[in-house]
Each structure stands twice: as structure tokens, then as C-alpha cells.
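S.K.: The following block contains the structure, expressed as C-alpha cells.
The values are calculated or read from the model by the stated rules, or taken from the named source; none is laboratory data. Since this is a predicted model, take the numbers as computed values, not measurements. For neighbour counting, all protein chains shown are included, and Cβ atoms are generated from backbone atoms with ideal geometry for every residue, glycine included. To get the accessible areas, we keep the full protein, side chains included, count just its heavy atoms, and leave off ligands, DNA and RNA. Shrake-Rupley method; radii C 1.70, N 1.55, O 1.52, S 1.80 Å.
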Amino acid sequence: MNNRLEKLSETIVNYSLNVQAGETVLISCNEKCRPLVKRLIVDITKIGGIPFVDMMDDEINALLLEHTTDNRIPFIQARKQYDVDHYDCFIHIRYTQNEFNDKNVPSEIRQKIGKATEKIDDIRINERRWVLLNYPSHMDAFKARMTNDEFYNYALDVMNVDYQAMYEKIKPLEALMLKTDKVRLVAPNTDLTFSIKDITVVPCCGKSNIPDGEIFTAPVRDSVNGTITYNTPCPYQGNIYTGVSLTFEDGKIVECHCNEDNEALKKIFDTDEGARYIGEFSLGLNPEIMDPMGDILYDEKIIGSIHFTPGRAYEEADNGNTSAIHWDMVLVMLENYGGGEIYFDDVLIRKDGLFVLDELKALNYNLK
């Protein structure tokens, strides 16, 4: 176990962030993450980096947000500005204890903070080096239906996949996506078409998210037509939505339904104009993640899945859509989840989660 923590720390410092001597690194974490944080401090210092640690408490942070007033927002903005001005790299380690802690934060406050810090957040995401990961918690084990020890071992295996080898396997898929215009997704209660023509394609192999394993682009903003129905839980701002179904006309969400509160779902998509358009299309490729657990950092990497994301596009693969939201929603297309097909320019490239083209079959790993 300790060896795998050491390997994870070395991967984050030397591969994901590629920390250089003299660079400052801010580690934001919960106190439960101490074993990994201690390794990170040692590894950052070993190469001449300068580590700093910001211990957080999710319950306290949620309470602060819940009681935030307009006169607190400039201080939140100033603190975020300080961080991007003074740190070269960021490591954010989450420790899930209760995903409903922040469910009572008013949406108006979230929107005001988002608007006040939008440009700063863009700098942190697009101009700084960062890593986001979850330290395995008892709540994560519960969501994954595992014992605590089982999930701890599973999480370390998932996070420590060989990302460099993964990148080599992804290259043919990247080349194919760069040549593709029309994409069609077919699955239970799903038939969706859109274009990805001339949009950048970005392989993700351990540089920002851990666990990682995906390749993303964005649809041409007004090209999306049809319906998609997600078959995994969709957590968002302290609530969890299931059975989410979205119908598009010329890029815009014109209908939305779920198994819970449809009005609450609609309110999210009414956040701003861009919330009803898609900012990301991605294929999940991590061979160690087979089932959803209700945590997007894991679920969006499920091998044989896709995620189709309402809201803001990433600068790396920009289709022009801007929004205060970026909500990754996952459709698993493995046979045991109902199956599905992906077509690129009317050619079948993946069926029931398995790539069918010879040049892409290495991405199936040991799936049958």
C-alpha cells in the first residue's frame, strides 16, 4: 500500500505536474489525506520545489458558502487571485464525507461567486498546471459497494495505471477523431447526432485528473440533434439526478427529464444561455474502471463510456460555448449496461463498449 502511495506521489510530481526547481505548489486537502500529502511534500522538496498546504474542511466550507453575503464575495475573489498570482502548480485532493453538505447553498450565491471569479478560474485551469484527485474515503467505498479496504486497494490501482502506455494506445483514436465530421450515438432511449469537425481533440492521460483515461473534444455548438439518456447518477451541487434525458434541436436542450425533480433540473439549464448547449464530448478509456459509483472523477473515465457535457467548453477544445456550469454526464455503453454504438462519419467504430476497428482494438485492453 505504501509503495503504491509513493508511486502515486511520484507520478503527480514528476509526470503530471513536472514540477521544476523553484516552482511553488499549493496542495489543498482534507486532513484525512495526510499519508499522501506527506509523500507529496517530500517529493516536491526533493526536486527543489516549494510546497504549501491548505487544509480544508468540507462541512465548514459548505457552511461558509451557505452564509456568504455580497460583501464576502470580493474577499473570495481576492484570495483566488492571490493563488493564481503566487503558485505555479495546484494539487487538489478531495475526501468525500457527505456529498449533500452543500445542498443548501443558494444558487444565486454560486452564480455570483462564479461570475466574480470566472476569469481567475480560467487562468488557473488553462494557464497553470494542476491535478485533481480523490483520496479514498469510507463514503467512496459505500458508493462503490465495497469494503473500506477493498475500495482503498481499488482506488490505488485505478490511479496508478500506466498513463504513458495509455497515451500511445490513444494516438490512433486521436488521429481518427481529428478527421471526423459527423458523430452518431445509439443506445437505449438515445439517438444523437452532431459534428466535431475542426474542433481540437485532447487525450487525457494523467496530466490533470487522477484517475484519468479519456479523450475529449466538443461538438460544433449548433450541430447537436436528437436525444440522449444517461444511465449513471448525475451529481450536481449537492443533489443527485438519475435517468436524465436531454433532447436537442440545433444544439440547444429543448426538453429535459429525470427521475427526481424536473423543475430543479430545468433550473440548472436556465443558469445562462450556454447551459443549454454542449461544451464537451468525451470517450472514457480507463481499463480499471468498469462501473459507475456516482463520482464523476471516476465515472467519466469508465471504459466503454462517453460523457456529453452541458455548459462551458474547455479552452483546449473550444466550440465557443460559455457558461457558469460544466456538468459531466455519463452514458455507459458496455453490453451489461444496455450496450450502444458509436459511428464516425457513418462508420461503426465502437459497439457495446468495444472498439471494432483494428487500429483501435488495443484500447479494449482485456475486455471481451
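S.K.: With Kirkwood's inverse mean 1/r over C-alpha pairs for Rh, give me the Rg to Rh ratio of region 125-237, two decimals please.
M.R.: 1.02
S.K.: Follow-up. I want to verify the translational diffusion coefficient of region 251-304 in µm²/s; compute it with Stokes-Einstein, Rh as the Kirkwood radius over Cα pairs, at 4 °C and 1.567 mPa s.
M.R.: The Stokes-Einstein estimate is 98 µm²/s.
S.K.: So what are the ³J(HN,Hα) numbers for region 26-43, from phi and the Karplus equation (6.51, -1.76, 1.60; θ = phi - 60°), rounded to whole Hz, Gly and Pro as x?
M.R.: With coefficients 6.51, -1.76 and 1.60, one gets 9, 9, 9, 7, 8, 4, 5, 8, 3, x, 6, 4, 4, 5, 4, 4, 5, 5 Hz.
S.K.: Placing +1 at every Lys and Arg Cβ and -1 at every Asp and Glu Cβ, with all other atoms neutral, what dipole size does the chain have around its Cα centre, in debye to the nearest 20?
M.R.: 540
S.K.: May I ask what percent, to the nearest 5, of DSSP beta bridges between residues of the chain are antiparallel?
M.R.: Counting only bridges with both partners in the chain, antiparallel ones make up about 70 percent.
S.K.: Probe 1.4 Å, all protein chains in place: accessible area of L36 in Å², nearest 10?
M.R.: L36 has an accessible surface of roughly 0 Å² with all protein chains in place.
S.K.: With a 1.4 Å probe and all protein chains left in place, how much of the accessible area of region 72-153 comes from carbon and sulfur atoms, in whole percent?
M.R.: 51
S.K.: State, as an integer percentage, the relative contact order of the chain based on alpha-carbon contacts under 8 Å between residues 6 or more apart.
M.R.: 13
S.K.: Now a separate question. Evaluate the charge dipole of region 236-280 about its Cα centre and quote only its size in Debye, nearest 20, assuming +1 on the Cβ of each Lys and Arg and -1 on the Cβ of each Asp and Glu.
M.R.: 80
S.K.: Over region 1-79, how many percent of alpha carbon pairs lie in each 10 Å bin up to the one with the longest distance?
M.R.: Taking every Cα pair in region 1-79, the percentages come to 16, 39, 25, 18, 2.
S.K.: With all pairs of different alpha carbon atoms counted, what Kirkwood hydrodynamic radius in Å does region 271-368 show?
M.R.: Over region 271-368, the inverse of the mean reciprocal pair distance is 14.3 Å.
S.K.: Under the Kirkwood approximation applied to all pairs of distinct alpha-carbon atoms, what is the hydrodynamic radius of region 103-169 in Å?
M.R.: Result for region 103-169, one decimal place: 15.5 Å.
S.K.: Any aspartates and glutamates with Cα under 13 Å of the K207 Cα? List them, leaving off those in the same chain fewer than 8 positions away.
M.R.: E10, D162
S.K.: Using the Cα centre of region 65-173 as the reference point, and only Cβ charges (+1 on K/R, -1 on D/E), how large is the resulting charge dipole? Debye, rounded to the nearest 20.
M.R.: Here the size comes out at about 280 debye.
S.K.: Express in Å², to the nearest 10, the accessible area of K32 obtained by rolling a 1.4 Å probe over the protein heavy atoms while all chains stay in place.
M.R.: Result for K32: roughly 110 Å² accessible.
S.K.: Return the long-range amide H neighbours of R128 (sequence gap of 5 or more, or a different chain), with a cut-off of under 5 Å between placed amide H atoms.
M.R.: Close amide H contacts, sequence-distant or interchain: none at all.
S.K.: Further question: Taking +1 at the Cβ of each Lys and Arg and -1 at the Cβ of each Asp and Glu, which of G206, L178, T190 sits farthest along the dipole of region 163-215 towards its positive end, judged by Cα position relative to the Cα centre?
M.R.: L178
S.K.: So how do D181, D346 rank on accessible area, 1.4 Å probe, biggest first, that is with the largest at the start?
M.R.: D346, D181
S.K.: Please give the length that would be gained between Q97 and D85 if that part of the chain were fully extended, namely 0.36 nm times their separation in residues minus their C-alpha to C-alpha distance (nm, one decimal).
M.R.: Full extension from Q97 to D85 adds 1.2 nm.
S.K.: Right, another one. 5 Å is the cut-off here: which amide hydrogens, built 1.01 Å from N in the peptide plane, fall below it relative to I27, excluding neighbours closer than 5 in sequence?
M.R.: The list, which skips near neighbours in sequence, is F52, V53, D54, I91.
S.K.: Would you mind pulling out the separation of the Cα centroids of region 230-259 and region 1-69, in Å?
M.R.: Cα centroid of region 230-259 versus Cα centroid of region 1-69: 33 Å apart.
S.K.: How far apart, in nanometres, would the label points at N71 and D272 be if each is projected 7 angstrom from Cα along the Cα-to-Cβ direction?
M.R.: In this crude label model, N71 to D272 measures out at 2.7 nm.
S.K.: Something else: Positive end of the dipole of region 105-247, charges at C-beta (+1 Lys, Arg; -1 Asp, Glu), about the Cα centre: which of T117, N231, Y154 has its Cα farthest in that direction?
M.R.: Result: T117, furthest along the dipole toward the positive end.
S.K.: Still on this structure, I have one more. Using the eigenvalues of the Cα gyration tensor, what equivalent ellipsoid semi-axes result for region 196-355 when each is taken as the square root of five times the eigenvalue, whole Å, largest first?
M.R.: After scaling each eigenvalue by five and taking roots: 22, 19, 16 Å.
S.K.: Separate question: Report ³J(HN,Hα) in whole Hz for each residue of region 344-356, in order, from the Karplus equation J = 6.51 cos²θ - 1.76 cosθ + 1.60 where θ = phi - 60°; Gly and Pro get x.
M.R.: Residue by residue, region 344-356 yields 10, 6, 6, 9, 5, 10, 8, 10, 6, x, 10, 6, 9 Hz.
S.K.: Also, quick follow-up: Write out the cysteines belonging to the chain for which the nearest other cysteine Cβ is not under 4.7 Å, or none if no such cysteine exists.
M.R.: Singleton cysteines: C89, C204, C205, C234, C256, C258.
S.K.: Given the pairs K32/K169; K7/K351; K115/K171; K112/K266; K46/K80; K38/K80, which span a C-alpha to C-alpha distance of over 31 angstrom in this model?
M.R.: Those over the limit are K32/K169; K7/K351; K115/K171.
S.K.: Using modelled backbone amide H atoms (1.01 Å from N, in-plane), which distant-in-sequence or interchain residues come within less than 5 Å of L285's amide H?
M.R.: E214
S.K.: What's the ranking of 253-260, 92-99 by average number of surrounding C-beta atoms within 10 Å, highest first?
M.R.: Answer by packing, highest mean first, reads 92-99, 253-260.
S.K.: For the chain, what does the helix formula give at 222 nm: sum of -39500 (n - 2.57) over DSSP H segments with n ≥ 4, over the residue count, nearest 500 deg cm²/dmol?
M.R.: After summing the helix terms and dividing by the residues of the chain, the value is -9500 deg cm²/dmol.
S.K.: I would also like to ask the following. Just to check I understand the Karplus step: with θ = phi - 60° and J = 6.51 cos²θ - 1.76 cosθ + 1.60, what whole-Hz values come out for region 7-13, glycine and proline as x?
M.R.: After applying 6.51 cos²θ - 1.76 cosθ + 1.60, I find 4, 5, 4, 4, 4, 4, 6 Hz.
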